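> Starting off with a structure, shown below.
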Amino acid sequence: MRNDAGSGKLRVILSGACLVTASMLLLVLLVGAEPEPSLFHVPQRVVLSWTDDPARTQAVTWRTEKPVDGPRAQIAAMSGNPGLEKTAVVVQGLGGVIEVGAGEIAGHYEARFENLTPGTAYAYRVGDGVTWSPWYHFQTAAAQAEPFRFLYFGDAQNNIASLCSRVFQTAFRHAPDARFLLHAGDLVNDGYDDRAWGEWCAALGFISAWIPSMAVAGNHDWHQAPGTTQSPTGPMIDPLWRMHLALPLNGPEEAPNLEETTYYFDYQGVRIVCLDSNLYAHDKLDPRLLESISTRKEQWLRETLQSNPHPWTIVVHHHPIYSVGKDRDNSRLRDALLPIYDEYGVDLVLQGHDHYYARSHKLRGGEIVAADAPGTIYVVSVSGPKMYSLNRKFEYLMAVLRGETQMFQIIDVEPGRLAFKAYSVTGELVDAFELHRNASGETALKNLLPAE
């Protein structure tokens, strides 16, 4: 795992070769035998992501029931030949442990694949050199703008293994060629609860080992374990977030509490900005600390949007700019971010939190604009089973509303067209629209449902 300063990545950091079980050492010394694969060392919770350029890097995290000696991964060019190990390159991993209760500990690991070839399929596996995972596959991004699709999910949060799992599975069936999964926060109900993370990984199953997961943190992901002491620099997300998700470290400088919760990545013609919105909803934070962190974040956001070399811009955060659930109104968030989105022409904002599906008309400055005028589309969605009633305060800004429905979204991106489709877990097409960009960089909205 990464041990970057201030990241709080692990409760205990281990070097890659410092842990050898007594029984394994005794066996080698007495009989000179190679250790046998162990059920306690079988890789679990394998989650693919990336920490850097998705065209040339990939990252993977995993877990074992008992800590292992020398975590590592193998990677090889995709081939139909089953002898992948013959051509595989070994990549050393970093590892650490976590307490899981009753005096027991489990191992968590991370490996990074670097210097990869853009637009290329690879096979990989993780383990310790003795006990291995199955071989999984992934494909790097192309080095230039090319058509692709990804999946967007709102809150999973509750009953993840029993009910949200069907959303992940149905989404995969509809878009098996999705290049990544984008989670808009509240992946789990309590970010410090290891069992909840186990449910999240179980619900995704093999999908998380084949398709990278990129995520922003929701308020439930930020829940602190009872008795946690707050850092002087502000709350820190529980280490379980970083143990399960290896995410970019290109967020605001001198803001350790935003590491791997605020970042961006570029993918084949689109810049996706992942923004931690929790500080704007944090009522108990020292106002001076809030202002300091918010100022750095907003300056970083402006710089990140201004430097975007791609035709499309998508922002993801948990709390909605225009809330449609319960009696909420995130006015502090809206006042801070809406002018920035308008100034830099953000095309699409993806959100969660409200446990409702809503998609706005094209908006600018809080007002509906013409389909061919500059403006932003705002979407709120939910994947899990927890549902809220409709908040009618911003109903007039919404083109589509749907409650009491588990949803997933497929987004297709190409240089001149962005197509959005929202489905219920039954496969019903609930919403569809397209954004078209002309040679001058202007976009026009075309609603596909309901029929124009």
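The values are calculated or read from the model by the stated rules, or taken from the named source; none is laboratory data. All of these numbers come straight from a predicted model, not from anything done at the bench. Glycine gets a Cβ as well: all are built from the backbone with ideal geometry, and neighbour counts include every protein chain shown.
> Just need a number here: residues in segment 190-207 that are touching a His at 6+ places or on another chain (Cβ under 9 Å) and either under 20 Å from Val316 (Cβ atoms) or in contact (Cβ under 8 Å) with a residue 60 or more places away in the chain (or both).
4
> Within segment 404-429, work out how many residues are surrounded by fewer than 20 Cβ atoms within 10 Å (Cβ to Cβ) and either among the polar types (S, T, N, Q) or more than 21 Å from the chain's Cα centre (by Cα) (or both).
Within segment 404-429, residues that are surrounded by fewer than 20 Cβ atoms within 10 Å (Cβ to Cβ) and either among the polar types (S, T, N, Q) or more than 21 Å from the chain's Cα centre (by Cα) (or both) number 11.
> Can you find a residue that is of a type in the set (Val, Ile, Thr), buried (at least 18 other Cβ atoms within 10 Å of the Cβ) and in contact with a Phe, Trp or Tyr (Cβ under 9 Å, 6 or more places away or on another chain) anywhere in segment 96-112?
No.
> Can you tell me which residue among Phe168, Phe113, Phe180, Phe148 is within 18 Å of Ser424 (Cα to Cα), among the aromatic types (Phe, Trp, Tyr) and touching a residue at least 24 places away in the same chain (Cβ under 8 Å)?
Numbers: Phe113 fails: within 18 Å of Ser424 (Cα to Cα); Phe180 fails: within 18 Å of Ser424 (Cα to Cα); Phe148 fails: within 18 Å of Ser424 (Cα to Cα).
Going through Phe168, Phe113, Phe180, Phe148 in turn, the sole match is Phe168.
> If you take the residues of segment 47-93 that are of a type in the set (D, E, K, R) and free of Cβ contacts under 8 Å to residues at least 40 places away in the same chain, which of them is farthest from Phe206 (Cα to Cα)?
Here the answer is Lys86.
> Moving on. Has segment 1-12 got at least one residue that is within 24 Å of Ile207 (Cβ to Cβ), at pLDDT 95 or above and in contact with a Lys or Arg (Cβ under 8 Å, 6 or more places away or on another chain)?
No; the residues of segment 1-12 include none that is within 24 Å of Ile207 (Cβ to Cβ), at pLDDT 95 or above and in contact with a Lys or Arg (Cβ under 8 Å, 6 or more places away or on another chain).
> In this structure, is Tyr341 surrounded by 13 or more Cβ atoms within 10 Å (Cβ to Cβ) and in contact (Cβ under 8 Å) with a residue 40 or more places away in the chain?
The answer is no for Tyr341.
> I would also like to ask the following. Tell me the residue from Ala142, Ala123 that is touching a residue at least 40 places away in the same chain (Cβ under 8 Å) and touching a Leu at 6+ places or on another chain (Cβ under 8 Å), please. It would help to see each step written out before you state the result.
On the way: Ala142 fails: touching a Leu at 6+ places or on another chain (Cβ under 8 Å).
Matching residue, one of Ala142, Ala123: Ala123.
> Can you find even one residue in segment 156-171 that is of a type outside the set (S, T, N, Q), outside any helix (DSSP H, G or I) and crowded, with 19+ Cβ neighbours inside 10 Å? Working first, answer last.
Here is the first cut: in segment 156-171, the residues of a type outside the set (S, T, N, Q) are 156, 160-161, 163-164, 166-168, 171.
Checking the rest, the ones that are also outside any helix (DSSP H, G or I) come to 156.
With the extra rule that they be crowded, with 19+ Cβ neighbours inside 10 Å, the set shrinks to 156.
Taking every residue of segment 156-171 in turn, at least one turns out to be of a type outside the set (S, T, N, Q), outside any helix (DSSP H, G or I) and crowded, with 19+ Cβ neighbours inside 10 Å.
> Would you please list the contacts, defined by Cβ atoms under 8 Å and residues six or more apart or on different chains, that run from a residue in segment 261-290 that is under 12 Å from Leu301 (Cα atoms) to a residue that is among the acidic types (Asp, Glu) and surrounded by fewer than 22 Cβ atoms within 10 Å (Cβ to Cβ)?
Taking only residues 6 or more apart or on different chains, the pairs are Ile272/Asp266.
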